[in-house]
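Peer 1: Below you'll find the structure I mean.
The values are calculated or read from the model by the stated rules, or taken from the named source; none is laboratory data. Note that the coordinates shown come from a computational prediction; the quantities given were computed from them, not determined experimentally. All Cβ positions, glycine included, derive from the backbone under ideal geometry; neighbour counts span all protein chains shown.
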Amino acid sequence: MTASTATTADTFRPALHYAARNTWLNDPNGLIHHGGLYHLYYQNNPVDNVWGNMSWGHATSADLLAWTEHPVAIACDEEEDIFSGSIVFDRHNTSAFGTESQAPLVAVYTSAFKAGSTHHGVQAQSLAYSLDGGYTWTKHAGNPVLDRGSAEFRDPKVFRYDGDAGSYWVMVAVEAKDFMVVLYKSEDLKDWELLSSFGPANATGGVWECPDLFPLPVDGDPENLKWVLVVNLNPGGPNHGSAGQYFIGDFDGTTFTSSTTVTEGLQDPARLGEYQWLDWGRDYYAAVSFSDAPDNRRLMIGWMNNWQYANEIPTSPWRSPMSLVREVSLRTVDGTLRLAQHVAEDPASVSGLAPSFTLEAAAISNEMVVLDGAAGSVQRIDLTFTPGTAAEFGLVVRGDGTQGTRIGIQPAQGRIFVDRRDSGLTDFHESFASIDSAPLLAIDGSYQLSVYVDHCSVEVFAQGGLVTVTELIFPSTTSTGVALYASGGTATVGSLNLTRWS
Ligand code: FRU
């Protein structure tokens, strides 16, 4: 196979998001801030733009927005595919892969063993190390280091635990088909001892993949930490296909105890809407967090695609973008803990851009108002709505009169939705033309939205990021209009600020 060449103009290549130059990518892997740069590794097919030949691609960024692609970091071979995993900076050289003066980066990845291996059919955890800051990697001769004889044991996320129980490495990984997160500890990243397991719980409509576990201060109070367990699953998301759920609770160095479990064991499909979701849209999957992010920030990035149609999205020569990087925090809302998310680095301030279109306040009544001077294909739009008598109100982005992506709020139903049925190209897969919704309540009588629009995506952060909806779209280049609408009555748009890149 050779890398695909463009068959259509590359009009969907994102301006604000990472996509590989001319190959396929899926899950983010090995996220770490090291040597002054953010390193983004990812599931990559180095020679094609569909899934296969899984290896770790590599990109770096100083600002989480402009990424530089590097050569493949860890390549598959005839014995193993390199599935998802994480990287830690082994500052005290516990692994002995480095020296006292040169501490190694250690990648912990899943070996998906192939026919050429004596472990054929097994998924087990393996190590590779880098002594040059993450650019070149050497596989550990003693791989795999953790083998349960399982065909579905994968996606290790390793972090340093420093707490009441001691100081050691902790790995969270999944037994995917058992809907189970398994936790292990190690002193040297090579010998692993089982600590505990978690699950099944809440959403179990598909395999559990790509877990993460990290502490966060509650409402910014460093004396009050709670732990967040992220579990991606596929399918079984709230709007079908791939999605990420999370649990909030405590971790004592051995066991994670959830305070947000709604259903133990296999899920009750009727309760899907009660679980906590990282994102309610179709296209935010395999999200995990960066190690060693500066200032203790917890930064996450997701694969902006869905296994339902991932291999068929109409981009070329590359396929699949990453989401924007999000900073997550824990907030108490009406007595309940919730994850809040915002874009980690404001692309407008990084680009030095001021809003190019603003609106003070506008009443809309049973109409669609196209905003003159607001058109664009890469935008950030911040606005608030106060409901009047309208059953539904919202905005349309990437519109041209017939085409458009509708972001709507229905206050009586307490929901927000993204309707991409007329968003542009949709017929490449039967599941793509969709309306995807999330529960959303007014706060102090109004709704606040931050919407990031790019050449092939819309990311909606509602109510300070308590609810997010991320969707791929494939509009024509001439669909650039922005409109506000209210149907069946009135609504008021508070201040609207729009920043435009193109
Ligand atoms: C999630 C996933 C992981 C696996 C990788 C293979 O999207 O299925 O569980 O490690 O992709 O590419």
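Peer 1: Is segment 219-238 home to any residue that is of a type outside the set (Phe, Trp, Tyr), within 16 Å of the ligand (Cβ to nearest atom) and touching a Lys or Arg at 6+ places or on another chain (Cβ under 9 Å)?
Peer 2: Yes.
Peer 1: Condition test on Lys114, is it in the same structural domain as Thr60 (by TED's automatic domain parsing) and away from the ligand (no atom under 16 Å from the Cβ)?
Peer 2: No; evaluated as a whole, the condition is false for this residue.
Peer 1: Go over the candidates Ser423, Ser450, Ser446 one by one and state the one that is more than 18 Å from the chain's Cα centre (by Cα), closer than 19 Å to Gly404 by Cα and of a type outside the set (A, V, I, L, M).
Peer 2: On the way: Ser450 fails: more than 18 Å from the chain's Cα centre (by Cα); Ser446 fails: closer than 19 Å to Gly404 by Cα.
Testing whether each residue is more than 18 Å from the chain's Cα centre (by Cα), closer than 19 Å to Gly404 by Cα and of a type outside the set (A, V, I, L, M) leaves just Ser423.
Peer 1: So how many residues does segment 46-90 have that are β-branched (Val, Ile, Thr), within 18 Å of Thr136 (Cα to Cα) and within 21 Å of the chain's Cα centre (by Cα)?
Peer 2: Residues meeting the conditions: 5.
Peer 1: Still on this structure, please answer the following. Any idea which residue in segment 63-76 is nearest to Ser117 (Cα to Cα), counting only those that are away from the ligand (no atom under 16 Å from the Cβ) and assigned to a loop (DSSP other than H, G, I, E, B)?
Peer 2: Across segment 63-76, the extreme among qualifying residues is Trp67.
Peer 1: Need a quick list: strands (runs of 3 or more DSSP E) entirely within segment 106-221 having at least 2 residues that are of a type in the set (Asp, Glu).
Peer 2: 153-163, 207-218
Peer 1: Give just the number: which of (1) assigned to a loop (DSSP other than H, G, I, E, B); (2) surrounded by 19 or more Cβ atoms within 10 Å (Cβ to Cβ) does Tyr41 not satisfy?
Peer 2: For Tyr41, the exception is condition (1).
Peer 1: Here is a list: Arg298, Arg282. Which entry is assigned by TED's automatic domain parsing to the domain that holds Arg338, of a type in the set (Lys, Arg) and within 16 Å of the ligand (Cβ to nearest atom)?
Peer 2: Arg282
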